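Participant: One structure coming up, written as structure tokens, with questions to follow.
The values are calculated or read from the model by the stated rules, or taken from the named source; none is laboratory data. Computed from a predicted structure; not experimentally measured. Cβ sites come from the backbone with ideal geometry, for glycine too, and all protein chains shown count toward neighbours. Note: areas computed on protein heavy atoms with side chains; ligands, DNA, RNA excluded. Shrake-Rupley method; radii C 1.70, N 1.55, O 1.52, S 1.80 Å.
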Amino acid sequence: MKQLLCFWGFILLGFSASAQTELITDAPQLKKGLYKTFEEFQSNNPSEEGDLVIKNRSTAAQIYLLANRNELVLRDASGQEHKLKNYWGFCDGKNIYIKDNGLNKLQEIGYYCIYALHGIQPSRGYINQADMTTNSINTPVVLKKVLNVVTGQVLELSAYNLKKYILPQDSTLLNEFKSDREKKDQLEYYIFRFNQRNKPVIK
């Protein structure tokens, strides 16, 4: 009787273990497709596949039309392209792209994922002395952000956010950060260290 109870106990434990969500950070391989929600990204389970292509927009479109720098399109069997609007992100099987003012590739996947938000903003014009015309200079803008793989929270990668929201979860690393005189130039380094030292878990 005891052996039978032990057997069923192991079976139930097996079911509960398989029911737990496997995080994308533990996935042996990234699945190609479209993430409609953060949860689909989190569990490495895109809900839609197909011939998905990232298309870049011109600088003029980004500035004058206030358009994102790129867009995601779906090609059908006839080769026609259809713009996609309502989605969270996209995976091409090797890289993951998060939708935030266009698609931005995740540079680090861990407890905190890093990506760079790219944009172009027009700056003040200057006068060309040769023909007295006014020309404008387009300034590229890059803003680093971090995504919490457990909660989905997105933060700007800054010394303040590291000290206030991220590193308090690791007191040893927080103390090291506080005493580091060059910390403002090593923000990504501390994210890498945090990811190495801390394993994300969905409770």
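Participant: Among rounded, prolate and oblate, which fits the range 140-203 when a ≥ b ≥ c are the square roots of the eigenvalues of its C-alpha gyration tensor, a/c under 1.5 means rounded, and a/b larger than b/c means prolate? Don't skip to the end; give the middle numbers.
Facilitator: Details: a/c = 1.96, a/b = 1.08, b/c = 1.81.
Since a/c reaches 1.5 but b/c is at least a/b, the shape of the range 140-203 is classed as oblate.
Participant: Grab the beta carbon distance between SER179 and GLU156, set R0 = 35 Å, and tell me the FRET efficiency rounded to 0.05. Present the calculation step by step, with values, prior to reporting the outcome.
Facilitator: On the way: r = 23 Å, r/R0 = 0.66.
It comes out at approximately 0.95.
Participant: Nearest 0.05, what FRET efficiency do HIS82 and LYS105 give at R0 = 22 Å with Cβ-Cβ as r? The partial results should precede the final answer.
Facilitator: On the way: r = 22 Å, r/R0 = 1.02.
For R0 = 22 Å, the calculated efficiency reads 0.45.
Participant: To continue, here is another question. Enumerate the amide H contacts of ASN70 below 5 Å, restricted to partners 5 or more residues apart or on another chain; note that Pro and chain-start residues carry no placed amide H.
Facilitator: Distant-sequence amide H within range of ASN70: ARG57, LEU103.
Participant: I've got another one for you. Can you send over the solvent-accessible area of GLU176, 1.4 Å probe, protein chains only, in Å² to the nearest 10?
Facilitator: Solvent-accessible area, nearest 10 Å²: 60 Å².
Participant: R0 = 30 Å: FRET efficiency of SER171 with PHE192, Cβ-based, nearest 0.05? Let's see the in-between values first.
Facilitator: Details: r = 18 Å, r/R0 = 0.60.
The formula returns an efficiency of 0.95 here.
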